[in-house]
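Engineer: Could you have a look at this structure, given as structure tokens, before my questions?
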Amino acid sequence: FKQVENSGQYILKPQVISYKQLPENEDLTMRLVSMTGMKLPWHGLVKCSDGSLSYAIKRFDRVGKEKIPMEDFTQLIGASRDTKYDVPIEKVAEAIEDFCTFPMVEYLKLYKLILLAFLLGNEDLHLKNLSVVTVNEKVQLSPVYDFVNSTIINPHGDDELALSLGDKKKGFTRKDFVDDFAGKTLFLGKKLAEKELSQLLAFVPQWKQMIDKSFLSTELKIKYIHLLADRAKRLS
């Protein structure tokens with residue numbers, strides 16, 4: 001990597017004192033997401049001169065020195081950094097309807113993304129971590145980014161999702177996602193919603209193996225696997 005003043009192609013995230021092994025956590029969680037076929041930028045872990053690991057991700061909003069048009073959902077909805085947790089997911093769906101070229105395609109992506117956030121403990125999927133990009137004049141959801149299991153490293157966290165769904169942020173059941181979110185908000189057929197959920201749950205054994213092989217400490221591996229097992233059971 002070469003440090004530049006502008007037009008950088010990568011973002012580096014070092015260790016954070018207040019959150020244990022955040023780079024290892026984010027790289028692992030992004031890998032778990034990529035196993036499901038969701039689109040992600042190149043990412044990985046880099047060993048630094050002090051022996052620690054930093055997380056590196058390639059910017060998907062750059063092609064050479066050209067910027068790809070990108071807007072996060074705080075901009076689309078008219079929210080702010082201060083209110084990025086205060087807007088329900090239903091408003092995200094409305095914005096997709098208003099701004100995306102093929103809303104039904106993006107609805108399915110959003111459905112899978114919210115299911116993954118629940119299953120993988122990402123309680124920090126707020127409006128600034130959701131974006132649209134314009135590629136070949138097509139407005140679509142951006143590749144996944146900033147996806148981390150915040151639950152296992154945030155002892156004070158109580159919510160299961162950053163944005164409310166059906167007027168709540170925790171206590172979710174299969175019905176909340178399949179019948180209410182997919183069916184009533186995203187207008188996805190129940191068979192399709194059930195199929196997508198079943199396909200995600202089928203990855204659980206592989207996810208557990210990947211977690212066990214990761215760079216996380218034994219303590220965090222156990223927490224991650226226990227959380228995954230509990231969330232998967234609630235959706236089965």
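The values are calculated or read from the model by the stated rules, or taken from the named source; none is laboratory data. Note that the structure is predicted; figures quoted are calculated from it, not measured. Cβ atoms come from the backbone with ideal geometry, glycine included; neighbour counts cover every protein chain shown. Note: accessible area is taken over every heavy atom of the protein model, side chains too, but ligands, DNA and RNA are not part of it. Shrake-Rupley method; radii C 1.70, N 1.55, O 1.52, S 1.80 Å.
Engineer: Filter the stretch 194-224 for residues that are β-branched (Val, Ile, Thr) and under 18 Å from the mean Cα position of the chain (by Cα); which is nearest to Asn25 (Cα to Cα)?
Structural biologist: Per the stated criteria, the residue is Ile211.
Engineer: Given the options Lys128, Lys112, name the one that is part of a helix (DSSP H, G or I), within 30 Å of Glu219 (Cβ to Cβ), out of contact with any strand residue (DSSP E or B) (no Cβ under 6 Å at 6 or more places or on another chain) and not hydrophobic (A, V, I, L, M, F, W, C).
Structural biologist: Going through Lys128, Lys112 in turn, just one is part of a helix (DSSP H, G or I), within 30 Å of Glu219 (Cβ to Cβ), out of contact with any strand residue (DSSP E or B) (no Cβ under 6 Å at 6 or more places or on another chain) and not hydrophobic (A, V, I, L, M, F, W, C): Lys112.
Engineer: A further question on this structure: Considering only the stretch 89-102, how many residues are assigned to a helix (DSSP H, G or I) and either more than 23 Å from Ala79 (Cα to Cα) or open to solvent by 30 Å² or more (accessible area, probe 1.4 Å) (or both)?
Structural biologist: Number satisfying all stated conditions: 6.
To keep it simple, each residue is scored yes or no on (1) part of a helix (DSSP H, G or I); (2) among the acidic types (Asp, Glu); (3) within 25 Å of Thr101 (Cα to Cα).
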site: Asp146; (1), (2), (3): no, yes, yes
site: Leu216; (1), (2), (3): no, no, no
site: Lys221; (1), (2), (3): yes, no, no
site: Leu227; (1), (2), (3): yes, no, no
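Engineer: Quick check on Phe1: is it over 28 Å from Leu197 (Cβ atoms) and not in a strand (DSSP E or B)? Talk me through it step by step, then tell me what you get.
Structural biologist: Numbers: over 28 Å from Leu197 (Cβ atoms): yes; not in a strand (DSSP E or B): yes.
Taking the combined requirement at face value, the residue satisfies it.
Engineer: In addition: Can you tell me which of (1) out of contact with any Lys or Arg (no Cβ under 6 Å at 6 or more places or on another chain); (2) free of Cβ contacts under 8 Å to residues at least 24 places away in the same chain; (3) under 22 Å from Gln21 (Cβ atoms) is the one Leu216 doesn't meet?
Structural biologist: Evaluating Leu216 over (1) out of contact with any Lys or Arg (no Cβ under 6 Å at 6 or more places or on another chain); (2) free of Cβ contacts under 8 Å to residues at least 24 places away in the same chain; (3) under 22 Å from Gln21 (Cβ atoms) leaves (2) as the failure.
Engineer: Count, please, the residues in the stretch 19-38 that happen to be assigned to a loop (DSSP other than H, G, I, E, B), closer than 19 Å to Tyr224 by Cβ and out of contact with any Pro (no Cβ under 9 Å at 6 or more places or on another chain).
Structural biologist: Within the stretch 19-38, residues that are assigned to a loop (DSSP other than H, G, I, E, B), closer than 19 Å to Tyr224 by Cβ and out of contact with any Pro (no Cβ under 9 Å at 6 or more places or on another chain) number 4.
Engineer: Still on this structure: Going residue by residue through the stretch 207-224, is there one that turns out to be open to solvent by 20 Å² or more (accessible area, probe 1.4 Å), among the hydrophobic types (A, V, I, L, M, F, W, C), in contact with a Ser or Thr (Cβ under 6 Å, 6 or more places away or on another chain) and closer than 26 Å to Ile57 by Cα? Steps first, please.
Structural biologist: Residues of the stretch 207-224 open to solvent by 20 Å² or more (accessible area, probe 1.4 Å): 208-210, 212-215, 217-219, 221-223.
Pick out the ones that are also among the hydrophobic types (A, V, I, L, M, F, W, C) and you get 210, 215, 222.
Then keep just the ones that are in contact with a Ser or Thr (Cβ under 6 Å, 6 or more places away or on another chain); that gives none.
No: the stretch 207-224 contains no residue that is open to solvent by 20 Å² or more (accessible area, probe 1.4 Å), among the hydrophobic types (A, V, I, L, M, F, W, C), in contact with a Ser or Thr (Cβ under 6 Å, 6 or more places away or on another chain) and closer than 26 Å to Ile57 by Cα.
Engineer: When the stretch 39-74 is examined, which residues are found to be assigned to a loop (DSSP other than H, G, I, E, B) and either farther than 30 Å from Glu137 by Cβ or open to solvent by less than 30 Å² (accessible area, probe 1.4 Å) (or both)?
Structural biologist: Correct list: Pro41, Cys48, Ser49, Asp50, Gly51, Ser52, Asp61.
Engineer: In addition: Quick one: Phe177 ticks every box in (1) assigned to a helix (DSSP H, G or I); (2) closer than 30 Å to Ala56 by Cβ; (3) in contact with a strand residue (DSSP E or B) (Cβ under 9 Å, 6 or more places away or on another chain); (4) touching a residue at least 60 places away in the same chain (Cβ under 8 Å) except a single one, so which number is it?
Structural biologist: Evaluating Phe177 over (1) assigned to a helix (DSSP H, G or I); (2) closer than 30 Å to Ala56 by Cβ; (3) in contact with a strand residue (DSSP E or B) (Cβ under 9 Å, 6 or more places away or on another chain); (4) touching a residue at least 60 places away in the same chain (Cβ under 8 Å) leaves (2) as the failure.
Engineer: Mind listing whichever residues of the stretch 75-88 are open to solvent by less than 100 Å² (accessible area, probe 1.4 Å) and either farther than 29 Å from Val4 by Cβ or not in a loop (DSSP other than H, G, I, E, B) (or both)?
Structural biologist: Our first condition is that a residue be open to solvent by less than 100 Å² (accessible area, probe 1.4 Å); within the stretch 75-88, this holds for 76-80, 83-85, 87-88.
Correct list: Leu76, Ile77, Gly78, Ala79, Ser80, Thr83, Tyr85, Val87, Pro88.
Engineer: Is there a residue in the stretch 12-23 that is surrounded by 19 or more Cβ atoms within 10 Å (Cβ to Cβ), modelled with pLDDT under 95 and among the aromatic types (Phe, Trp, Tyr)?
Structural biologist: no
Engineer: Now a separate question. Would you point out the residue of the stretch 148-184, among those that are among the polar types (S, T, N, Q) and open to solvent by less than 20 Å² (accessible area, probe 1.4 Å), that is farthest from the chain's Cα centre (by Cα)?
Structural biologist: Only one residue tops the list, namely Ser150.
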